[in-house]
1. Just to verify a number: FRET efficiency for residue 402 and residue 375, C-beta to C-beta distance, R0 = 35 Å, to 0.05?
2. Given the Cα-Cα distance of residue 43 and residue 209 and 0.36 nm per residue of separation, how much length would full extension add, in nm?
3. Would you mind classifying the range 194-308 by shape? Square roots of the alpha carbon gyration tensor eigenvalues, ordered a ≥ b ≥ c; an a/c under 1.5 is rounded, otherwise it is prolate if a/b is larger than b/c and oblate if not.
4. Calculate, for residue 253 and residue 382, the FRET efficiency according to 1/(1 + (r/R0)^6) with r their C-beta to C-beta distance and R0 41 Å; round to the nearest 0.05.
5. When ranked by the protection proxy of mean other Cβ atoms within 10 Å per residue, highest first, what sequence do the peptides 531-540, 240-249 form?
6. If each residue of separation counts as 0.36 nm, what is the full-extension length gain between residue 449 and residue 62 once their alpha-carbon separation is subtracted?
7. Using 1/(1 + (r/R0)^6) with R0 = 51 angstrom and r between the beta carbons of residue 341 and residue 81, what's the FRET efficiency to the nearest 0.05?
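Every read-out reported here was derived from the displayed coordinates using simple, explicitly stated rules and does not represent laboratory data. These figures come from a predicted structure and were not determined experimentally. Cβ placement follows ideal geometry from the backbone for every residue including glycine, while neighbour counts extend to all protein chains displayed.
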Amino acid sequence: QDICDDASLHKSPPAKPKFDLSVSLPPVNLEIVKKRLTERITSLQDVHRAHQREYEKYMEDIESSKMSVQELEKSSDVSMNYKFYRAMKTYVENLINCLNEKVTYINELELAIHVLLQQRAKTLLKRRQDELRNESAYIQHLSSSNDKPTNGGLEEDEKTQLLKMCEHRRTCRRQARGCLREVDHHEGMSSDDELPPTEMTEFQKNKDNILEDSRKIFEDVHADFCDIRKILLKFQEWKEKFPDSYCDAYISLCLPKLLNPLIRVHLINWNPLEQNFTELEEMPWFRAIEEFDDAKNMSGLKEDDDPDKTVLPRVIEKTILPKITGFIKNVWDPLSTSQTKNLVQLCKSIFEKQIPSKNEHSRAKEDLISEVVLRMKKSIEEDVFIPLYPKSAVEDKLSPCSKFQERRFWSAVKLLSNILLWDGIVQEDTVCDLGLSKLLNRYLLLNLLNTPPGLDNLEKCNKVVACLPERWFQHLRSGTTLPQLVNFSQHLLQCAHTLHKNNHRDETKDVILLLVKVNALRIVEDFIEQYKLEHLKSII
């Protein structure tokens, strides 16, 4: 072992490799070095560019992150948004629960006031029809040749009492017109809608009780849940803070139904048939909804695209029009000029200004117009009665027969005037059919034909022509009148012939003027040509 160790110590170190100078190396020159350096630089530049792009991407991400942070810092805190939505959800649930609880009472009171008005209207209508039958029978009895006393007993006494009461009311109205100096009025043109004092007192007492109950409906409710203005302010706050979620929730479609019970409470005492009734535009709830519709648009939508612009029209469509239709069906008296004018004015205002679009289908509007037509048809069938008596019975203008006939004629003229007031709301063909075909040609013209030509006949014809809308004659063919007025024009022509033959020049001219107003120009030209009345050509 020692010998081996000693040998290992004396072993020589490994020999270094030696270059074989006989092996030839590739030639090296400046171009090759330059090329390799260029390739190396190019490779390094590619790597640098990749790093540069990666750096720019990281910088963009950093900027984007900074902007996101800034936007989040500017926006409301998430917890605050959550609190708002939770509070709004709780508010809406409480509001709906409140209205669901109160709507039963609202329905009861609304029905009570409507039944009260309907009963009064039915009472007046029944009284008018009973008095008409009794007076007609009484006049018929007086005019009959068999003038025997009747043995009606108590029933006849009741009829006589009714007639006396009717004549008393007529006398009171005549005295009132005298105080007011009303000249253009004829017996029979009054509505005769006065109730006896006891009935009027009872009616007012019941009405006051209903109104008192209506004021108690929301007395235990906080204003935030029954004041329409405050309710709308809640939703307006939602719209201003979060317009996107407000639109996504279709709030503008929900509000009309939500506000319906509250609006109906405000309308319990509203009667558009009464004189000096409160206009819709003057009501606080109406103005509140208008302000809500006109509130500054914070969502960036165009004014025409703002869904809240339809809230008021939809309220009218869903709440107001059905209520008006109920009045027309059960309370309106077509023989009342004041009621008819109020309704016509109200409907024109609503249809022209409040319906969202004239091309939009409105079921409530169609129902209202249909009810108007049905009610006028019924009135023509039940309220129009013009008796025909022998000439000897009506020659004396103070005779009961003459007075009764005159009252019935002027009552029918009043109904004609009221029907024609609906022109522009009800279709023209329907108005012409009701006013001209069913009323003028069937009832009024028959009386005119039996009235001798003269001042009375001329006054009646003049009143009939005054009822006709002027626009009906603006686009007619030259020289022709409406087909429904052909018979009436012939009557005027016969009157003109008679008056001219009797040398009533002024009355003849007045009749010609009436023919011109109804556009019966060919008849006028032939008349002037026949009698050589050159001085009348200027009125054509």
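1. Numbers: r = 31 Å, r/R0 = 0.89.
The formula returns an efficiency of 0.65 here.
2. Details: separation 166, 0.36 × 166 = 59.76 nm, distance 10.03 nm.
Length gained, residue 43 through residue 209: 49.7 nm.
3. Numbers: a/c = 3.86, a/b = 2.33, b/c = 1.66.
The shape class here is prolate.
4. On the way: r = 43 Å, r/R0 = 1.04.
Plugging the Cβ-Cβ distance into 1/(1 + (r/R0)^6) gives 0.45.
5. Numbers: 531-540: 11.6, 240-249: 14.7.
Put in order of decreasing packing, that is 240-249, 531-540.
6. Values: separation 387, 0.36 × 387 = 139.32 nm, distance 9.94 nm.
Roughly 129.4 nm would be gained on extension.
7. Numbers: r = 54 Å, r/R0 = 1.06.
Efficiency, from the Cβ-Cβ distance: 0.40.
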